[in-house]
Amino acid sequence: MPEFLFDLPVIGLLFQLVDYLIAVFTLNGAIILALATPLALGALCGFMNERSGVVNIGIEGMMLSAAFTGWLAASVVVQLFPDGPELFMGATPAIIVGLLAAVLTGMAVSAVHAWLSISLRVDQIISGTIINIVAIGTTGYLNLLLSEQAPPAAGKLDTFRPPAELIDLPLIGWVINMFLRQGPITMSVIVIVIVLQILLFRSRWGLRTRAVGENPRAAETVGIDVIWVRYRNVILGGVFAGLAGAWFVLENGSTFQTLMTNGRGYIALAALIFGRWVPLGAFGAALFFAAASSLAVSIRVLPPPGQLGEIMTSIPEQFWFAFPYLLTIVVLAGAVGRSRPPAAVGRPYEREAAH
């Protein structure tokens with residue numbers, strides 16, 4: 001951007017801000033995508049639920065539970081087999097077991113949510129709240145007990161390093177670095193999003209899912225088993241919550257910390273709403289929120305020069321770290337009235353024969 005624009009009164013600050021944001025996001029593209037991974041996976045969990053007509057605010061608890069069991073399972077296996085071979089991108093038998101344990105935990109907690117919401121027809125908001133409370137309390141207590149024994153970490157998955165020739169390509173080099181300089185869980189998110197986007201609008205599963213979420217009574221009349229579709233989608237949604245939990249302890253780090261999800265499950269739900277309940281939209285919203293999170297670190301480590309830098313650094317850093325959450329509130333306030341959820345979401349379904 002031409003520097004003379006920065007010297008314009010008042011509007012020059014805006015040009016400086018745009019230039020700084022472009023530089024930060026280009027430089028930190030790989031970090032932003034990594035930070036977006038748990039948000040995107042959590043949003044996909046919510047997508048599977050809400051497109052079927054089931055509200056899920058228990059994503060936070062599902063991710064936290066999966067993170068704990070994934071870390072614990074990997075820790076147990078590494079104690080039994082400390083010299084396990086390294087397979088692919090740092091994956092060892094302990095890490096693979098931990099990944100499977102995290103995914104199965106996400107599915108198990110989702111099955112509980114499905115049973116409460118679909119079979120017992122409990123208020124779905126209350127069901128999700130119960131999951132969050134139980135997960136926070138249980139994992140925090142067990143982690144406190146285990147911390148006295150200091151179980152060993154199983155390590156974490158490696159980050160792929162793309163060739164320098166690709167990264168140095170003009171214009172697109174930073175994009176290649178952003179999407180390829182990642183661990184396997186993060187790279188899988190891109191594939192999952194594209195596949196789900198296609199399936200939602202181009203498959204029999206997608207048609208049935210949308211029908212059940214919009215008008216379950218009409219769907220039942222044409223032979224669709226509404227209860228089965230909802231159960232299946234809610235439990236499969238747990239796979240993504242499990243992968244998000246595994247990301248915390250097997251790819252981003254190697255140990256479990258109490259409350260380590262830090263509200264990301266709620267931001268994931270906001271990303272789903274902001275993304276209009278479609279996978280690509282939710283992924284884009286996750287990147288948006290992740291970029292806001294990376295901005296706080298960038299301002300502290302590498303603030304912009306000149307008057308803009310003075311203004312931004314004069315603001316307490318607590319504000320910048322709270323910025324993603326404030327942004328979540330603002331986005332939800334603006335998006336709720338414009339985004340139309342599936343018509344039957346949150347409404348328990350009872351078959352005609354049961355009357």
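Look at region 146-162 and say how many of its residues are over 28 Å from the mean Cα position of the chain (by Cα) and more than 17 Å from T69 (Cβ to Cβ).
Residues flagged as over 28 Å from the mean Cα position of the chain (by Cα) and more than 17 Å from T69 (Cβ to Cβ) within region 146-162 amount to 2.
I'm trying to understand the selection: among the residues of region 165-202, which are more than 17 Å from W277 (Cα to Cα), open to solvent by 30 Å² or more (accessible area, probe 1.4 Å) and either of a type in the set (D, E, K, R) or not in a helix (DSSP H, G or I) (or both)?
Those that are more than 17 Å from W277 (Cα to Cα), open to solvent by 30 Å² or more (accessible area, probe 1.4 Å) and either of a type in the set (D, E, K, R) or not in a helix (DSSP H, G or I) (or both): E165, D168, L169, P170, L171, I172, R181.
Is it the case that region 226-243 has a residue that's farther than 24 Å from M62 by Cβ, surrounded by fewer than 21 Cβ atoms within 10 Å (Cβ to Cβ) and of a type in the set (A, V, I, L, M, F, W, C)?
The answer is no; no qualifying residue exists.
Could you tell me whether any residue of region 278-292 is open to solvent by 20 Å² or more (accessible area, probe 1.4 Å), at pLDDT 90 or above, in a loop (DSSP other than H, G, I, E, B) and aliphatic (A, V, I, L, M)?
Yes, region 278-292 contains at least one residue that is open to solvent by 20 Å² or more (accessible area, probe 1.4 Å), at pLDDT 90 or above, in a loop (DSSP other than H, G, I, E, B) and aliphatic (A, V, I, L, M).
Could you tell me which residue of region 109-123 is most open to solvent (accessible area, probe 1.4 Å), considering only residues that are over 23 Å from the mean Cα position of the chain (by Cα) and closer than 17 Å to G237 by Cα?
Ranking the qualifying residues of region 109-123, first place goes to W115.
Residues that are part of a helix (DSSP H, G or I), within 30 Å of V122 (Cα to Cα), touching a residue at least 60 places away in the same chain (Cβ under 8 Å) and not acidic (D, E): does region 76-84 have at least one?
No, region 76-84 contains no residue that is part of a helix (DSSP H, G or I), within 30 Å of V122 (Cα to Cα), touching a residue at least 60 places away in the same chain (Cβ under 8 Å) and not acidic (D, E).
Does any residue in region 205-233 that is without any contact (Cβ under 8 Å) to a residue 60 or more places away in the chain come within less than 6 Å, Cβ to Cβ, of a residue that is of a type in the set (V, I, T) and surrounded by 15 or more Cβ atoms within 10 Å (Cβ to Cβ) six or more places away or on a different chain, and which pairs are these?
If the second residue must be of a type in the set (V, I, T) and surrounded by 15 or more Cβ atoms within 10 Å (Cβ to Cβ), the pairs left are R208/I224; R208/V229; A219/V212; A219/V226.
Count, please, the residues in region 305-355 that happen to be open to solvent by 50 Å² or more (accessible area, probe 1.4 Å), at pLDDT 80 or above and closer than 14 Å to P216 by Cβ.
Number of matching residues: 3.
Looking at I126, I136, which is the one that is over 19 Å from L99 (Cβ atoms), open to solvent by 60 Å² or more (accessible area, probe 1.4 Å), touching a residue at least 12 places away in the same chain (Cβ under 8 Å) and within 23 Å of the chain's Cα centre (by Cα)?
The match here is I136.
The values are calculated or read from the model by the stated rules, or taken from the named source; none is laboratory data. Everything numeric in this text was worked out from a predicted model, so none of it was measured. Every residue, glycine among them, receives a Cβ derived from its backbone with ideal geometry; neighbour counts consider all protein chains shown. The protein model used for the area step is the full one, side chains on, heavy atoms only, and it has no ligands, DNA or RNA in it. Shrake-Rupley method; radii C 1.70, N 1.55, O 1.52, S 1.80 Å.
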